[in-house]
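The values are calculated or read from the model by the stated rules, or taken from the named source; none is laboratory data. Since this is a predicted model, take the numbers as computed values, not measurements. Here the Cβ positions follow ideal geometry from the backbone for every residue, glycine too, while neighbour counts run over all protein chains shown. Ligands, DNA and RNA are excluded from the accessible area calculation, which covers all protein heavy atoms including side chains. Shrake-Rupley method; radii C 1.70, N 1.55, O 1.52, S 1.80 Å.
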Amino acid sequence: MNDHDPIDRLVSEAQAAFEAAAQAAALENVKARFLGRNGSVTELLKGLASLPPDEKRARGARVNAAKTAIEQALERRREAIAAAELEQRLAQQSIDVTLPGRQRSVGGALHPILRAWQRIEEIFASIGFDVADGPEIENDWFNFSALNNPENHPARSMQDTFYVDANDAEGRPLMLRTHTSPMQVRYARMHEPPVRVIAPGRVYRVDSDATHSPMFHQVEGLWIDENVSFADLKGVYTEFLRRFFERDDLKVRFRPSFFPFTEPSAEIDMMFTSGPNEGRWLEISGAGQVHPNVVRNFGLDPERWIGFAFGSGIERLAMLRYGIDDLRLFFDGDLRFLQQFA
């Protein structure tokens with residue numbers, strides 16, 4: 001390369017100017033000086049028009065070669081600047097592999113309702129109870145009639161029950177089950193006694209406030225045998241509560257009540273002897289000896305088979321176990337609440 005030749009000198013100047021550019025933006029500004037619309041190379045190409053054909057051909061070849069050399073020098077400098085910037089970023093973001101690792105957050109956890117549900121199943125399974133599951137859309141017979149509910153019972157009204165736009169074989173409207181008791185009937189009709197079963201699951205009622213939800217969870221229990229007494233009910237349910245809450249200082253009482261499907265019937269209350277609920281009687285379940293009419297609907301002879309049943313709200317149990325004072329927190333989907341159980 002001859003530095004006295006204008007074309008060779010232009011290539012040398014371009015290469016030097018590109019090397020002097022420390023950043024990508026500065027490099028693009030230098031590029032415009034040589035390869036832009038009014039750049040030096042463009043001016044040389046424009047000057048070819050006034051030359052004779054033979055000279056134009058020779059000089060044109062040299063100008064094109066110079067342009068190619070300048071473009072190659074520009075691209076090399078671009079790559080060098082990009083590599084330097086990458087190396088700088090990597091140096092700033094380098095990881096010290098000798099530092100202790102960061103603990104990764106748990107990807108998920110069981111919902112508190114599911115925690116309580118599983119705990120209930122484990123406790124009753126340990127004392128010989130099966131677990132039954134069934135349809136959430138029920139017919140009138142299983143949801144009401146088989147459980148000794150009369151035709152004029154208020155629970156059948158639209159104010160308490162969600163009906164669906166479909167009918168059963170007898171033309172009665174189908175409904176979202178209002179309790180899991182229908183599964184007691186279904187299970188007892190499919191199994192020879194003795195019967196020991198719990199039926200946890202979702203149920204639906206027209207109710208919604210801080211302590212009620214139109215969808216909630218319930219667990220029903222049933223024990224049918226030839227010699228099961230109210231004392232067995234008290235022993236089984238008291239033991240369940242003590243194991244569920246992991247406390248031996250619970251007090252349990254049975255208050256007379258009325259349910260169509262049990263006779264006699266009772267409300268079960270419990271009281272903590274320490275903690276925030278110390279000294280307060282809390283209603284926890286409805287229970288009683290299975291009504292003879294319901295035993296008949298099981299397909300069994302009530303003169304021979306007897307037993308007890310109970311029904312408890314899983315949300316109620318979970319709220320007391322985890323110290324939650326508003327039922328709606330279970331269903332809001334607020335991660336700040338749910339992450340407490342991770």
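Data table
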quantity: All positions within segment 76-112 that are under 30 Å from Met319 (Cα atoms) and either surrounded by 10 or more Cβ atoms within 10 Å (Cβ to Cβ) or in contact with a Gly (Cβ under 6 Å, 6 or more places away or on another chain) (or both); calculated: Ala109, Leu110, His111, Pro112
quantity: Which numbered condition Ser208 fails, given (1) closer than 20 Å to Gln289 by Cβ; (2) at pLDDT below 90; calculated: (1)
quantity: Some residue of segment 216-223 being over 18 Å from Glu315 (Cβ atoms), of a type outside the set (Asp, Glu) and at pLDDT 95 or above; calculated: yes
quantity: Candidates Glu151, Glu122, Glu170 - the one that is at pLDDT 95 or above and open to solvent by 40 Å² or more (accessible area, probe 1.4 Å); calculated: Glu122
quantity: Conditions (1) small (Gly, Ala, Ser); (2) exposed (fewer than 14 other Cβ atoms within 10 Å of the Cβ); (3) within 30 Å of Phe331 (Cα to Cα); (4) out of contact with any Leu (no Cβ under 9 Å at 6 or more places or on another chain): number failed by Gly201; calculated: (2)
quantity: Residue within segment 179-193 that is farther than 21 Å from His291 by Cα, open to solvent by 20 Å² or more (accessible area, probe 1.4 Å), acidic (Asp, Glu) and without any contact (Cβ under 8 Å) to a residue 60 or more places away in the chain present; calculated: no
quantity: Qualifying positions in segment 197-249 - touching a Pro at 6+ places or on another chain (Cβ under 6 Å) and free of Cβ contacts under 8 Å to residues at least 40 places away in the same chain; calculated: Ser208
quantity: Within segment 232-342, helices (runs of 4 or more DSSP H) holding 1 or more residues that are surrounded by fewer than 14 Cβ atoms within 10 Å (Cβ to Cβ) and basic (Lys, Arg); calculated: 335-338
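Per-residue answers, yes or no, for (1) at pLDDT 80 or above; (2) farther than 25 Å from Ile81 by Cβ; (3) open to solvent by less than 50 Å² (accessible area, probe 1.4 Å):
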position	(1), (2), (3)
Ser12	yes, no, yes
Ala20	yes, no, no
Ala25	yes, no, no
Phe34	no, no, yes
Asp54	no, yes, no
